[in-house]
1. R0 = 45 Å: FRET efficiency of residue 104 with residue 280, Cβ-based, nearest 0.05?
2. Using only Cα atoms, tell me the angle between helix 324-347 and the longest principal axis of the chain; keep it within 0 to 90° and round to the nearest 10.
3. For a quick check of your reading of the filter: which GluC sites (Glu not before Pro) in the range 256-287 sit in a DSSP loop and have no more than 12 other Cβ atoms within 10 Å?
4. Any idea how far the Cα center of the range 144-199 sits from the one of the range 99-119, in Å?
5. In percent, how large is the relative contact order of the range 188-300, given Cα pairs closer than 8 Å and 6 or more residues apart?
6. For semi-axes √(5λ) of the Cα gyration tensor in Å, the listed values are (1) 35, 28, 22; (2) 50, 29, 19; (3) 59, 35, 19; which was obtained by calculation from the structure presented?
7. State, to one decimal in nm, how far the label point of residue 323 lies from the label point of residue 512, with both points 7 Å from Cα in the Cβ direction.
8. Using a 4.7 Å Cβ cut-off, which Cys residues in the chain lack a partner cysteine?
Amino acid sequence: MKLSVLSTLAIASLSAVDALTIQNPFNLQQPLNLDFDKYTSQLSHLLFDENKQNEFFTKVSKLFNEPLDTLTSETKQIWSDMILNSKKFADLKFTTPGIPKSSIVKQQFDFHVSQDNIPNHKLRVKSTPEDLGVDSVKQYSGYLDVEDEDKHFFFWAFESRNDPKTDPVILWLNGGPGCSSTTGLFFELGPSSIDESLKPVYNPYSWNNNATVIFLDQPINVGYSYSSQSVSNTVAAGKDVYAFLELFFKQFPQFLKNDFHIAGESYAGHYIPVFASEILSHPERSFNLSSVLIGNGLTDPLTQYEYYQPMACGKGGYESVLEEDQCQSMSDSIPRCQSLIENCYESESVWSCVPATIYCNNAQMGPYQQTGRNVYDIRTMCEGSNLCYVGLEYIDSYMNKPEVMKALGAEVSSYESCNFDVNRNFMFAGDWMKPYFKNVIDLLQKDLPVLIYAGDKDFICNWLGNEAWTNKLEWSGSKGFSKSPVKQWKVDGNHAGDVKNFEHFTFLRVFEAGHMVPYDQPKNSLDMVNRWIAGDRKF
């Protein structure tokens, strides 16, 4: 939901651009009001000040450290067609201010952790009162502080309900980009959900039944995390996550010998490959990274964007939700979309990646979103909050209760499940379309087990696209993976999905689940994670 579970996606709108709304479908589900072809046609008749455009390109070049000499005449024309043909293009904001220091109220914590080889990073930790009623196990909350950059990441960890001394540890990440992992905690896989009376409701299928689970709010300015700065790309976040883990395991050395896994969904399809690669680049690390799990992720856009049309048009296991002319329009736009993404893959520059995001999101997601359907579950209409689920509103209200904020040590003045400014920052930094699937190859080549799972009723990061990129991925075991048979995954004797595995790479299609698999199939998702962390790669 998220291009995270919610980790969801929001409208990344260029508010300063006349008549153009750019949809970031991973965060907000609202209808687009845009006829892209008509809009670009109108723009072609406008006159523009070339000097002002050059000033704008210079500004972007400095902001993102993107050399102007890599801005080709062709790419410059694409920017002019898609973005700059507006009287107000110079007002575009590619980054947004962080949270003012004056609004932060520092709290008291029980433990302060630092380490000489991780300069400028400190961890503050407190034991969270069990009387919040979220779970009866030991739980901890706090902040990772990156002092020289004024960055502060919030986390909330729950020990295993079984045997925390020996059970694995899981780090859970929602996506967005810009959505709080607390959403995953209370809406998907954590110890409790939140009901309409804003009370915790015990979850018998929580992933901490057999694992200690850490929920981390990242990047900064998401959930309870905060900074006076801004962040706009996946790689920058990876180094801070590694530092967080080192300090966490230093504070809790009893978990050091346990297996450690990173799991997440949606835009975590970007995060997790990068974060895991960062961890593996540190041979001196104190903890053991055992595997990664990515659910309904965005990992290889070039491959995945080809499958929005089939999913919406009746070829993904659900009836078509679009008219024939809409399906044809989506199909017709695929070649240009793929050409733009290929340019982004080749250069990985802002100049190529931003236009690819704008064009492809509107062309491949716009027709579906105009139907008012839930982008996270093709079976339902969008209802309730901006993320299409009424229950998400309860989480926001609960996390803003003064007694909850005090118990957790929250230092911000308010909680928001998703920060759409962060989401927009990532898009304008070109992060959306970059080829982070290459990091998956790196993980597999280093023999790290990788599970890609996908609920088969999700539209936004649908199973067709995820299956396609896993089949296409070129690594040492790719031939063996392509030849491996698809087998039935059964839970309590029932056919719960289809699975394909070769060596340490697994793809799992989860039946009757949307973007948030643990929400739609709690029992089956717990079976999935329990088998995986126990070492069962074939299910």
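1. 0.85
2. So the inclination is approximately 80 degrees.
3. 284
4. Using only Cα atoms, the two centres lie 18 Å from each other.
5. With pairs under 8 Å counted, the relative contact order is 20 percent.
6. Of the labelled values, this structure produces (1).
7. The modelled label-to-label distance comes out at 3.4 nm.
8. That list is 461.
Any read-out appearing in this document is the output of simple, stated calculations on the displayed coordinates, not a laboratory observation. Keep in mind the model is a prediction, meaning the values are calculated, not measured. Methodologically, a virtual Cβ is constructed for each residue, glycine included, from the backbone with ideal geometry; neighbour enumeration extends over all protein chains shown.
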